[in-house]
1. With the Cα gyration tensor of segment 1-160 in hand, give its eigenvalues times 5 under a square root as the equivalent ellipsoid semi-axes, listed largest first in whole angstrom.
2. In the calculated pair distance distribution of segment 1-94, what percentage of Cα-Cα distances lie above 17 Å?
3. Ratio to report: Rg/Rh of segment 57-103, with Cα atoms as the point set and Rh obtained by the Kirkwood method; give two decimals.
4. Test of understanding: given the chain, find the longest segment containing no GluC sites (Glu not before Pro) that are in a DSSP loop and have at most 11 other Cβ atoms within 10 Å.
5. Could you rank the peptides 70-79, 1-10 by their average count of other C-beta atoms within 10 Å per residue, with the highest value first?
6. Please state, rounded to one decimal and in Å, the Kirkwood hydrodynamic radius that segment 281-390 gives when every pair of distinct Cα atoms enters the mean of 1/r.
7. Go through segment 156-198 and name the trypsin sites (Lys or Arg not before Pro) that are in a DSSP coil and have 15 or fewer other Cβ atoms within 10 Å of their Cβ.
8. Take every Cα pair under 8 Å in the chain that's 6+ residues apart, average their separations, divide by the length, and report that relative contact order as a whole percent.
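The values are calculated or read from the model by the stated rules, or taken from the named source; none is laboratory data. Computed from a prediction, not measured in an experiment: that's the story for all the values here. When we count neighbours, we look across all protein chains shown, and the Cβ atoms used for this are built from the backbone with ideal geometry, even at glycine. Remember, those area values only see protein heavy atoms, side chains included, never the ligands or the DNA or RNA. Shrake-Rupley method; radii C 1.70, N 1.55, O 1.52, S 1.80 Å.
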Amino acid sequence: MILGRWRDSAVLFSVAAFTAGYASVGLSALLIIALLEIRAGSWRWIPTVLDRPLLALIAVALVSALVSPWRNAALAPAFLVPVTALLSVRSVAVYAKTDPKRIAPLVLLWIAGGVVAAVWRMILSWPDAFIFAWTGKPGQNAIGTTLAIAASLALGMVVSGPSRWRWWLAASIPIIFTGLIVTWARAAWLGAAAGVVMLALVGSRPRARVALVVAAAGLISIGWAVSPQWPGLHKALESLVSLEANENRIAIWRVVPKMVADYPLLGTGYGTFKFAYPRYRELGAKGPTPSFAHNFLLNAAAETGLLGVAAVISLWAAGLTAMWRWQRRTLPVSGEHAAATAILAATVTLFTTQLFDDTVMSVQIGFGLFALLTLGAVADRYVAPKNSQS
């Protein structure tokens, strides 16, 4: 019982601290608690549709590391895959299944953590701000991804949630989006836009959906009109559609098929892109050697081969399908429906960011991915069927 409360507290801390870049601290606590649960004989796994693709992904990551030409470098990051996945999925699954009514408050806590992280990011962006040395400074792409997720969660709860939540959630949205903008993370901007489109399609409140589309279009128009006054912002917006500005990433993407051709089934080894890439780098390619392919599917193909890509796609497909079923079965304008809609939009947001980045390979962002997928999978299997019968 005590271990269970500690575990739940660690899950809540991880969710609240995720946006700011500190979910790994919670995962460390979850690891200790899991070892104590195993010793006490209380550890148990909650079956979901994620089990088979998750097992396949873990197996491919480990085997690819073992057969990699850079095995010594690949083993450590490959070992983190099962640790992160199993701790995240199991802990969140137990938390959600114990009492499904916890899911909506967990999403609200996630959003609250996003507000704090956004304010902190704005402070970090201020040139003369005093920053405590021990706080660290998360990478702009990683913090941009987490803020885009928080923005989609907040918007989802506003568009689809009960009225008692909407006012303070609505107040949180401009704060989170401001923090997102000052990250200058272009992939995260696109991810947030994808979340808005998803909410416009599946939100339960027709008026809220119309207002969302009108507000988004208005903000984009105003932002584009005033952006010339801020050269940095204007340049970042223009670069979204500029092939020249994205030439370095395109050059990276072009060599991935050659890497797959040489290592078709298991790739070069999990986490070894930065070691393999120099062999295939095009003459005249700009920029330093990248740590990853800036596209999670291409990165999976390069590092874990076709088997790895199949496992990754299967995992995302299983999670998104479960979320969709859960969202369609819930009662409109209910707390559960709002949580389901928000989680679905946030997952679409994360998926979109990873088409232009690969921060999900980290332990920190990995927790967010597994938490979102698990919430959808657990709710689909253990919550939604009961509601649909009532």
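1. Here the semi-axes work out to 28, 23, 16 Å.
2. More than 17 Å apart: 56 percent of the Cα pairs in segment 1-94.
3. Values: Rg = 15.0 Å, Rh = 12.1 Å.
Radius of gyration relative to Kirkwood radius: 1.24.
4. On the way: sites that count: E244, E282.
The segment 1-243 is the longest one with no such site.
5. Output ranking for 70-79, 1-10: 70-79, 1-10.
6. After inverting the pairwise mean of 1/r, the radius is 15.4 Å.
7. Passing both the DSSP loop test and the Cβ count: no residue.
8. Averaging sequence separation for qualifying contacts and normalising by length gives 27 percent for the chain.
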